[in-house]
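Here the structure comes first, spelled out in structure tokens, and everything after it is commentary.
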Amino acid sequence: QGTRDHPPAHMALRDRLLAAVVACFKRHGAAAIDTPALELQETLMGKYGEDVKLIYKLQDQGGELLALRYDLTVPFARYLAMNKITNMKRYHVAKVYRRDNPATTRGRYREFYQCDFDIAGQFDPMIPDAECLKIVHEILSDLQLGDFLIKVNDRRILNGVFAICGIPESKFITACSTVDKLDKMPWEEVRSEMVGEKGLSPEAADRIGEYVQLHGGLDLIERLLQDPKLSQNKLAKEGLGDMKLLFEYLTLFGITGKISFDLSLARGLDYYTGVIFEAVLLQQENDHVEEAVSVGSVAGGGRYDGLVGMFDPKGRKVPCVGVSIGIERIFSILEQRVKASGEKVRTTETQVLVATPQKHFLAARLKLISELWDAGIKAEMLYKKDPKLLKQLQYCEDTGIPLAAIVGEQELTDGVVKLRDVATREEVRM
């Protein structure tokens, strides 16, 4: 069914991962918000391009048509409009739902976590956008997932390319979703889909091909600003001007080494209006391969200036830019690594096991563990009246509990506790 149960080891990994991501969001001054898992169907329809068919719609509940949220961005835009908020920096970690045929081996499910960071408000161009890219760079560097690349493009540049290649405006969105497949299939297949399925002329498709296969940095932006056709298009010129500004800010952040201006990046969602970006992990196949191979997208986002206005009765717009970290995809990679290394993941954070060496000492254990809990110490004991000491120490080894607090007849008489380091077997009385 494309969903999964999460065993304790997976949850422990997930907590570690989420803690690192949330710490980064908080470092950038974001406040947490939460929105319901259920939205009105009309809130979600018409926002996701061809992916609208993946929305989980619920049956009519007496005139109320609801659906499960597809992402965290559209609910955020609705939240801003409903509460008349014009300025906010927020993060949201929650589950979203997609009625997909998921590739579970690649960390893609029908129910999965998203971690979003968004900046809403009227600001000077490209400053918040640069911060979103900095956040992706920070998170992927902190998690040490290996080499990565953040691809950046702008919907306005893409639309300008379509316009000068003779694509009618009514076909922009459908052309966009086809171009977006360039990271998964070669240009020849993308071209034949454009001509065969999307009804574009072969000449127009070839003209698009000249542009969407380009990628580079500031030099490419400068070259396109001089392009006789593209520089005549108002939208593309605006987009390229902003892209140049963005790269200047990214240079100041010192992260352009991992960033590529890539004209094939389209992101198939309808609501993007400006800068769009996607981070992919790269994998060297072997030492002889020059070109690194992408192992899938682990973060994506962009600017969506028109979305909040769709929910505001007066159409008031709130410009927004945001990023979503594909945490489930990253889990899969970390899980595979842990499996391969044979490392044991601790599923609890227990610091000490309260143990007894003799029978009839349950009362002493209960009193001691209660003191430890009240002092904020993470402690456990076995749920048996008279467990054998060996069994208690074995439990510590199996679950990775580092210390055992042992209290027996002698300890009670002396008013001490024997603290044993499970790994080294050293003991101290205290």
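Note on segment 222-243: residues that are more than 16 Å from Gly302 (Cα to Cα) and within 28 Å of the chain's Cα centre (by Cα) amount to 0.
Checking each residue in segment 117-166 for being acidic (Asp, Glu) and out of contact with any Cys (no Cβ under 8 Å at 6 or more places or on another chain) picks out Asp124, Asp129, Glu131, Asp147, Asp154. One residue alone among Tyr271, Tyr249 is part of a loop (DSSP other than H, G, I, E, B), in contact (Cβ under 8 Å) with a residue 24 or more places away in the chain and in contact with a helix residue (DSSP H, G or I) (Cβ under 8 Å, 6 or more places away or on another chain), and that residue is Tyr271.
Hey, does segment 192-200 have a residue that's at negative phi, β-branched (Val, Ile, Thr) and open to solvent by less than 40 Å² (accessible area, probe 1.4 Å)? Spell out how you get there, then give the answer.
So in segment 192-200, the residues at negative phi come out as 192-198, 200.
Okay, now just the ones that are also β-branched (Val, Ile, Thr), so 195.
Still in the running and open to solvent by less than 40 Å² (accessible area, probe 1.4 Å): none.
No; the residues of segment 192-200 include none that is at negative phi, β-branched (Val, Ile, Thr) and open to solvent by less than 40 Å² (accessible area, probe 1.4 Å).
Here Asp124 qualifies as assigned to a loop (DSSP other than H, G, I, E, B) and not small (Gly, Ala, Ser).
Would you mind finding the one in Ile157, Ile127 that is in contact (Cβ under 8 Å) with a residue 12 or more places away in the chain and open to solvent by 40 Å² or more (accessible area, probe 1.4 Å)? Result of the check over Ile157, Ile127: Ile127.
Considering each of Leu382, Leu372 in turn, give the residue that is of a type outside the set (Val, Ile, Thr) and assigned to a helix (DSSP H, G or I).
Details: Leu382 fails: assigned to a helix (DSSP H, G or I).
None of the other options fit; the residue is Leu372.
Selection of first residues in segment 416-430 that are open to solvent by less than 100 Å² (accessible area, probe 1.4 Å) and of second residues that are polar (S, T, N, Q), restricted to Cβ pairs under 9 Å at least 6 apart or on distinct chains, gives the following pairs, ordered by first then second residue: Val416/Gln410; Lys418/Gln410. Can we say Lys89 is modelled with pLDDT under 95, open to solvent by 10 Å² or more (accessible area, probe 1.4 Å) and assigned by the TED database to the domain that holds Arg14? Judged against the criteria, Lys89 is not a match.
So, of the residues in segment 313-342 that are charged (D, E, K, R) and outside any helix (DSSP H, G or I), which turns out to be least open to solvent (accessible area, probe 1.4 Å)? It would help to see each step written out before you state the result.
Let us first name the residues in segment 313-342 that are charged (D, E, K, R), namely 314, 316-317, 328-329, 335, 337, 339.
Next cut, outside any helix (DSSP H, G or I) only: 314, 316-317.
Numbers: Lys314: 161, Arg316: 107, Lys317: 146 Å².
Applying the filter and picking the extreme gives Arg316.
Does at least one position in segment 98-114 carry a residue that is touching a strand residue (DSSP E or B) at 6+ places or on another chain (Cβ under 9 Å), among the acidic types (Asp, Glu) and open to solvent by less than 20 Å² (accessible area, probe 1.4 Å)? No.
Inspect segment 397-408 for any residue being closer than 30 Å to Leu140 by Cα, assigned to a loop (DSSP other than H, G, I, E, B) and out of contact with any helix residue (DSSP H, G or I) (no Cβ under 9 Å at 6 or more places or on another chain) and give the result as yes or no. Among the residues of segment 397-408, at least one is closer than 30 Å to Leu140 by Cα, assigned to a loop (DSSP other than H, G, I, E, B) and out of contact with any helix residue (DSSP H, G or I) (no Cβ under 9 Å at 6 or more places or on another chain), which makes the answer yes.
Here Ile325 qualifies as out of contact with any Gly (no Cβ under 8 Å at 6 or more places or on another chain) and assigned by the TED database to the domain that holds Ser141. Inside segment 230-242, residues that are open to solvent by 50 Å² or more (accessible area, probe 1.4 Å) and of a type outside the set (Lys, Arg) make up a count of 3.
Select from segment 346-367 the residues that are open to solvent by 30 Å² or more (accessible area, probe 1.4 Å) and of a type in the set (A, V, I, L, M) and list them in ascending order. Write out each step before concluding.
Filtering segment 346-367 down to residues open to solvent by 30 Å² or more (accessible area, probe 1.4 Å) leaves 346-349, 351, 357-360, 362-363, 366-367.
Across segment 346-367, the qualifying residues are Leu362, Ala363, Leu366.
Elements of the type helices (runs of 4 or more DSSP H) sitting completely within segment 3-92 and holding at least 3 residues that are touching a residue at least 12 places away in the same chain (Cβ under 8 Å) and either over 25 Å from Gly309 (Cβ atoms) or among the small types (Gly, Ala, Ser) (or both): these cover 8-27.
Does segment 82-96 contain at least one residue that is under 24 Å from Cys176 (Cα atoms) and of a type in the set (D, E, K, R)? Checking segment 82-96: not a single residue is under 24 Å from Cys176 (Cα atoms) and of a type in the set (D, E, K, R).
Determine whether Thr3 is open to solvent by less than 30 Å² (accessible area, probe 1.4 Å) and among the hydroxyl-bearing types (Ser, Thr, Tyr). Don't jump to the end; show me each part of the working.
Numbers: open to solvent by less than 30 Å² (accessible area, probe 1.4 Å): no; among the hydroxyl-bearing types (Ser, Thr, Tyr): yes.
Answer is no for this residue.
Picking from residues in segment 131-150 that are outside any helix (DSSP H, G or I) and not β-branched (Val, Ile, Thr), the one that is most open to solvent (accessible area, probe 1.4 Å) is Gln144. Looking at segment 243-285 only, could you name the residues that are more than 25 Å from Phe123 (Cβ to Cβ) and open to solvent by 50 Å² or more (accessible area, probe 1.4 Å)? Hits for segment 243-285 are Gly257, Gln283, Gln284, Glu285.
Can you tell me how many residues in segment 409-423 are under 40 Å from the mean Cα position of the chain (by Cα) and not in a strand (DSSP E or B)? It would help to see each step written out before you state the result.
As a first pass, look at segment 409-423 and keep what is under 40 Å from the mean Cα position of the chain (by Cα): 421-423.
Now restrict to residues that are not in a strand (DSSP E or B): 422-423.
Of the residues in that region, 2 qualify.
Name the residues in segment 329-366 that are over 20 Å from Ala405 (Cα atoms) and touching a residue at least 12 places away in the same chain (Cβ under 8 Å), would you?
In the first step, residues of segment 329-366 are kept if they are over 20 Å from Ala405 (Cα atoms); the result is 329-345, 347.
Arg329, Ile330, Phe331, Ser332, Ile333, Leu334, Glu335, Val338, Lys344, Val345, Thr347, listed by residue number.
The values are calculated or read from the model by the stated rules, or taken from the named source; none is laboratory data. The structure displayed is predicted, hence computed values, not measured ones. All Cβ positions, glycine included, derive from the backbone under ideal geometry; neighbour counts span all protein chains shown. With ligands, DNA and RNA removed, areas are computed over all heavy atoms of the protein, side chains included. Shrake-Rupley method; radii C 1.70, N 1.55, O 1.52, S 1.80 Å.
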